[in-house]
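The values are calculated or read from the model by the stated rules, or taken from the named source; none is laboratory data. Note that the coordinates shown come from a computational prediction; the quantities given were computed from them, not determined experimentally. No Cβ is skipped: glycine too gets one built from the backbone with ideal geometry, and neighbour counts run over all protein chains shown. Ligands, DNA and RNA are stripped out before the accessible areas are found, and what is left, the full protein with its side chains, is counted by its heavy atoms. Shrake-Rupley method; radii C 1.70, N 1.55, O 1.52, S 1.80 Å.
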Amino acid sequence: MGCVWWGVAAFQRFGRPPETDVDRAERVAGLHFEQHPQKGRYYIPAAAVLSRAADGVPVAYLHYSLGGGDDAGIGDFLRTYDLPLPGTSTPLPADLRAALPGDEPAAGLLLPDGRAGRQIFVVERSSGRGGAAEVYVRATGP
């Protein structure tokens, strides 16, 4: 009986992989797959950075690269996460551009998301497939 209990305890303790900074960044942004279980799919960020503001609040920076088409385009991304259509062109925050390891654009279409502490920008790419875009996210929160 003791061996069974030890096995159950070990599985509960070690059966689930530890949460990574990428997981935590997605959770702060509200884009982790466990936060949208009814969708049955999700997107994996091309880059994710988890930092802290001066007051200790977590700050998540995410970059998603969408290839386009019906299955991996901006329309599907917005539907997957129940996000509104992009609005007006707005400069990307300087800290977002500095945090991500790439050549981020100066501006993108800001989604009128309404969630406090989260900004989502869409930069459409011209490619052979419609819906190709880069999505940049800056989010703060617990």
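If R0 is 25 Å, what FRET efficiency do you get for Tyr42 and Asp21 from their C-beta distance, rounded to 0.05?
E between Tyr42 and Asp21, to the nearest 0.05, is 0.90.
Got a number for the accessible area of Ser89? Probe 1.4 Å, square angstrom, nearest 10.
Number for this one is 80 Å².
Percent of accessible area on the chain owned by carbon and sulfur, 1.4 Å probe?
57
Enter the mean projected area of the convex hull around the alpha-carbon atoms of the stretch 27-94, in nm², rounded to one decimal.
Computing the convex hull of the Cα atoms and averaging its projections yields 5.8 nm².
Heavy-atom accessible area per residue, the chain, 1.4 Å probe: how many Å²?
Heavy-atom SASA per residue in the chain reads 58 Å².
How long, wide and thick is the stretch 56-99, going by the Cα atoms along their three principal axes, in whole angstroms, largest first?
In descending order, the Cα extents are 38, 22, 19 Å.
In degrees between 0 and 90, to the nearest 10, how far off the longest principal axis of the chain does helix 2-14 point, with axes built from Cα atoms?
Taking the Cα atoms of the chain, the angle to 2-14 is about 10 degrees.
Mind checking which of Ala47, Leu85, Pro18 is farthest towards the positive end of the chain's charge dipole, using Cβ charges of +1 (Lys, Arg) and -1 (Asp, Glu) about the Cα centre?
Going by the Cα projections, it comes out as Pro18.
Placing +1 at every Lys and Arg Cβ and -1 at every Asp and Glu Cβ, with all other atoms neutral, what dipole size does the chain have around its Cα centre, in debye to the nearest 20?
Result for the chain is approximately 280 debye, rounded to the nearest 20.
Scale the Cα Rg of the chain by the rule-of-thumb value 2.2 N^0.38 Å and send over the ratio, two decimals.
1.22
Any chance you could run the full-extension gain for Ala107 through Ala94? It's 0.36 nm times the residue separation minus the Cα-Cα distance, nm to one decimal.
Working it through step by step, the gained length comes to 3.6 nm.
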